[in-house]
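Novice: Have a look at this one before I ask anything.
The values are calculated or read from the model by the stated rules, or taken from the named source; none is laboratory data. No experiment lies behind these values; they were computed from the predicted model shown. No Cβ is skipped: glycine too gets one built from the backbone with ideal geometry, and neighbour counts run over all protein chains shown. With ligands, DNA and RNA removed, areas are computed over all heavy atoms of the protein, side chains included. Shrake-Rupley method; radii C 1.70, N 1.55, O 1.52, S 1.80 Å.
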Amino acid sequence: MVEEERKYAVDDGWVLPDLAGSAPAGGGVRAHPAATLVATYFDTVDLRLARAGVSLRHRQGDDLPWTVKLPTDSPGVRHEISRAGTADEPPAELVELVTVFHRGAPLAPAAVVRTVREAYDVHDADGTVLAEVVDDHVTVEDVDGTATGAFRELEVERKAGDRTLLDRIGTLLRTAGARGGGFTPKHVRALGPAAEGEPDLVAPTGLPAAPTAGDVVTEAVRREVRRLLAHDPLVRQRVPGDDGRTAVHQMRVACRRLRADLRTFARLLRPDWARPLRDELTWLAGALGDARDAEVLRERLRRTATADPTSPLDGEAVGRLDEVLARRQEEALAAVDAALRSERYVALVEALVLAARSPLFTRRAERPARRTLPRLVARRWRRLAGDGSRPGSVAALEQDGPDEQWHDVRKEGKRVRAGVKSMTPALGEDARELNRRLGRVQDLLGEHQDAAVAADTWLSVADSRPGDHALAVTAGRLAERERAVVRRVRAEFPAAWRRASRRRRTRWLR
């Protein structure tokens with residue numbers, strides 16, 4: 001569940017204004033009896049959860065008393081996950097859900113928040129609740145029950161209404177003397193200044209006017225570590241990322257780009273630091289790979305099966321293919337779960353948090369980015385372009401060559417593009433344009449690989465069921481459509497490569 005709310009600070013003597021003025025025509029305000037809520041917040045000794053904007057609490061009297069709230073990129077908007085459980089110990093599922101924040105450190109009660117709440121529903125003419133306004137009188141206690149502070153605040157939570165309603169309510173409250181409209185969770189206020197400290201995971205901060213090579217690499221590492229760790233809870237919950245892409249896909253992309261940058265910029269990094277990190281990212285990417293491959297195949301099956309409405313396929317046979325893929329996907333996701341629960345993964349998360357804080361560089365990283373980075377990416381560019389003598393290069397590609405040859409070029413192209421993308425903030429339009437053109441090249445090669453793998457998969461599933469004639473026919477027709485995609489991509493690739501590799505787009509790689 002996604003929770004969106006705004007908070008306002010008020011003094012004890014403050015009087016709540018009439019909220020009816022914020023309701024739509026025909027609507028009104030419905031008051032609820034006052035209730036007392038007692039919530040115990042769990043955290044590490046150094047408040048890793050609170051500093052990251054995360055909470056894990058037990059609240060007495062709730063049907064699902066244990067709740068985790070995870071931050072999003074939008075202030076005041078959080079993912080909320082609630083589970084049943086006894087009061088003495090958090091459910092293992094929720095503890096695992098916040099692994100990337102506590103990183104194996106013990107969780108214990110950190111504060112008790114006792115709230116006397118007066119709640120009001122703002123509803124429309126049909127009685128649908130559009131927003132909830134709560135007036136909270138909060139007492140903070142330590143784990144022994146001793147009161148350590150108190151405050152009063154208002155929360156305005158969006159329900160079925162839109163943000164303009166929240167704006168109207170906020171205007172009404174501020175006119176009456178309420179302060180704020182920002183967002184600071186109760187437990188952060190309760191825990192004090194230590195809970196408002198910097199999170200352990202350092203976010204990208206942008207580059208200085210004249211960045212060093214190390215500045216650029218640090219920014220790239222922070223960006224991808226942040227992406228990887230942000231999607232960990234979503235993978236565990238089997239929900240998509242904020243941009244609609246699957247969370248497994250996002251984690252895998254982050255692994256790949258981090259590995260590519262660690263390889264491309266190896267001369268800037270201490271080998272004894274970068275190599276083990278790269279090896280562990282390879283392990284994690286492998287754990288995610290089968291699950292992502294199954295996702296791609298299931299998406300592709302649906303798309304390919306319906307690609308030609310004038311020549312429909314046997315729907316039941318397609319369904320049997322999907323059943324096979326669904327089982328593969330569940331098995332692969334179970335393997336992902338096992339990897340994410342392992343001590344090895346927790347150690348990797350710790351290493352990534354440290355890497356984002358301070359990558360370990362050689363002295364070469366102190367040189368200006370504009371002078372140093374193009375040379376490093378140029379080495380990979382030459383490997384990709386080739387001269388016809390090196391397998392895996394574009395120059396050695398054959399129109400009727402094996403699929404593996406095209407896949408090798410795709411993998412090398414990903415590494416080049418990752419390096420170009422990392423340099424874009426420092427080098428500007430030159431890198432940005434090449435990155436865009438390489439994106440088209442990679443899209444084609446990705447389509448080639450997906451089609452080739454899909455064709456082999458459809459046929460192999462049919463081969464495993466020799467008595468299913470309808471499945472064999474359907475798999476054969478699907479494979480024919482996939483091989484047609486392979487032929488189309490191979491025909492389109494030379495023009496896309498020429499546009500990407502024109503001298504005016506690559507001359508800065510020296």
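Novice: Normalized C-alpha radius of gyration of region 1-152, against 2.2 N^0.38 Å?
Specialist: On the way: Rg = 17.2 Å, N = 152, 2.2 N^0.38 = 14.8 Å.
Normalised Rg, Cα atoms only: 1.16.
Novice: If the only charges are +1 at each Lys and Arg Cβ and -1 at each Asp and Glu Cβ, what is the size of the charge dipole of region 1-70 around the Cα centre, to the nearest 20 debye?
Specialist: Numbers: 8 positive and 10 negative charges, 35 e Å.
About 160 debye.
Novice: Another one. Stretched out fully, how many nm does the piece from residue 504 to residue 45 gain, at 0.36 nm a residue minus the Cα gap? Display every interim value, and only then the final one.
Specialist: Values: separation 459, 0.36 × 459 = 165.24 nm, distance 5.59 nm.
Contour length minus the Cα-Cα distance gives 159.7 nm.
Novice: Dipole of region 416-475 (Lys/Arg Cβ +1, Asp/Glu Cβ -1, origin at the Cα centre): which of 426, 471, 449 lies farthest to the positive side?
Specialist: My answer, from the dipole projection, is 426.
Novice: If I model region 83-193 as equal point scatterers sitting on the Cα atoms and use the Debye formula, what is log10 I(q)/I(0) at q = 0.13, 0.15, 0.16, 0.22 Å⁻¹?
Specialist: Taken in order of the listed q values, log10 I(q)/I(0) reads -0.71, -0.89, -0.96, -1.19.
Novice: Now, a different point. Tell me, what % of the accessible area of region 431-510 is carbon and sulfur with a 1.4 angstrom probe?
Specialist: Numbers: 1900 of 3880 Å².
Carbon-and-sulfur percentage of accessible area, whole number: 49.
Novice: Still on this model: Once you compute Rg and the Kirkwood Rh from C-alpha atoms, what is the Rg to Rh ratio for region 167-267? All intermediate terms of the calculation are to be shown ahead of the outcome.
Specialist: Numbers: Rg = 19.3 Å, Rh = 17.1 Å.
Checking Rg against Rh, the ratio lands at 1.13.
Novice: Against the globular-protein guess of 2.2 N^0.38 Å, express the Cα radius of gyration of the chain as a ratio, rounded to two decimals.
Specialist: Details: Rg = 27.4 Å, N = 510, 2.2 N^0.38 = 23.5 Å.
That works out to 1.17 for the chain.
Novice: Per residue of the chain, what 222 nm ellipticity follows from adding -39500 (n - 2.57) for every DSSP H run with n ≥ 4, rounded to the nearest 500? Kindly include the intermediate steps, with their values, before the conclusion.
Specialist: Values: 15 runs with 265 residues, N = 510.
Mean residue ellipticity at 222 nm (helix-derived): -17500 deg cm²/dmol.
Novice: So for the chain, taking the charge dipole from beta-carbon charges (+1 Lys/Arg, -1 Asp/Glu), which of 389, 377, 305 sits furthest toward the positive end?
Specialist: Sorting the options by dipole projection puts first 389.
Novice: Mind checking which lysines have their Cα closer than 17 Å to the Cα of residue 421? Skip sequence neighbours fewer than 8 apart in that chain.
Specialist: Residue 421 reaches 411.
Novice: Using a 1.4 Å probe on the protein heavy atoms only, what accessible surface does residue 174 show? Give it in Å² to the nearest 10.
Specialist: 110
Novice: State, to one decimal in nm, how far the label point of residue 311 lies from the label point of residue 492, with both points 7 Å from Cα in the Cβ direction.
Specialist: Computed distance between label sites residue 311 and residue 492 equals 1.9 nm.
Novice: How many percent of all Cα-Cα pairs in region 262-314 sit more than 19 Å apart?
Specialist: On the way: 778 of 1378 pairs.
Result: 56 percent of Cα pairs exceed 19 Å.
Novice: What percentages make up the Cα-Cα pair-distance distribution of region 327-472 when the bins are 5 Å wide from 0?
Specialist: All Cα pairs considered, the percentages come to 2, 8, 11, 12, 12, 14, 15, 12, 8, 3, 2, 1, 0, 0.
Novice: When the accessible area of region 94-238 is split by element with a 1.4 Å probe, what percent falls to carbon and sulfur? The partial results should precede the final answer.
Specialist: Working: 3080 of 6040 Å².
Ligands and nucleic acids excluded, carbon and sulfur give 51 percent.
Novice: Using amide H atoms built in the peptide plane, which far-off residues or other-chain residues are under 5 Å from residue 110 H to H?
Specialist: Amide H neighbours of residue 110: 41, 42, 43.
Novice: Another one. For q = 0.16, 0.20, 0.25 Å⁻¹, what log10 I(q)/I(0) does region 1-43 give under the Debye formula with an equal point scatterer on each alpha carbon and no solvent?
Specialist: -0.83, -1.16, -1.25
Novice: Let me ask something additional. Let me spell out the model: positive unit charges on the Cβ of Lys and Arg, negative unit charges on the Cβ of Asp and Glu, origin at the Cα centre of the chain. What dipole size does that give, in debye rounded to 20? Each step should come with its number before you reach the end.
Specialist: Values: 85 positive and 78 negative charges, 846 e Å.
Dipole about the Cα centre, nearest 20: 4060 debye.
Novice: Same structure, new question: Can you spot the lysines whose alpha carbon is less than 24 Å from residue 69's alpha carbon? Ignore those fewer than 8 places along the same chain.
Specialist: Filter leaves 7, 159, 186.
Novice: State which helices in the chain qualify, where a helix is a whole DSSP H run, it must extend 15 Å or more along its own axis by its Cα atoms, and its mean Kyte-Doolittle hydropathy must be at least 0.5. Show your work: numbers first, answer last.
Specialist: Values: long enough: 163-175 (18 Å, 0.02); 213-237 (38 Å, -0.32); 247-264 (25 Å, -0.42); 271-305 (49 Å, -0.73); 315-340 (36 Å, 0.06); 343-357 (21 Å, 0.93); 369-385 (23 Å, -0.81); 403-427 (36 Å, -1.15); 429-463 (50 Å, -0.59); 469-500 (46 Å, -0.31).
Span-like helices, by this rule, are 343-357.
Novice: Right, another one. Ignoring ligands, DNA and RNA, what accessible area per residue does region 413-501 give at 1.4 Å, in Å²? Write down the numbers at each step before the final one.
Specialist: Working: 3760 Å² over 89 residues.
Using a 1.4 Å probe on heavy atoms only, each residue of region 413-501 averages 42 Å².
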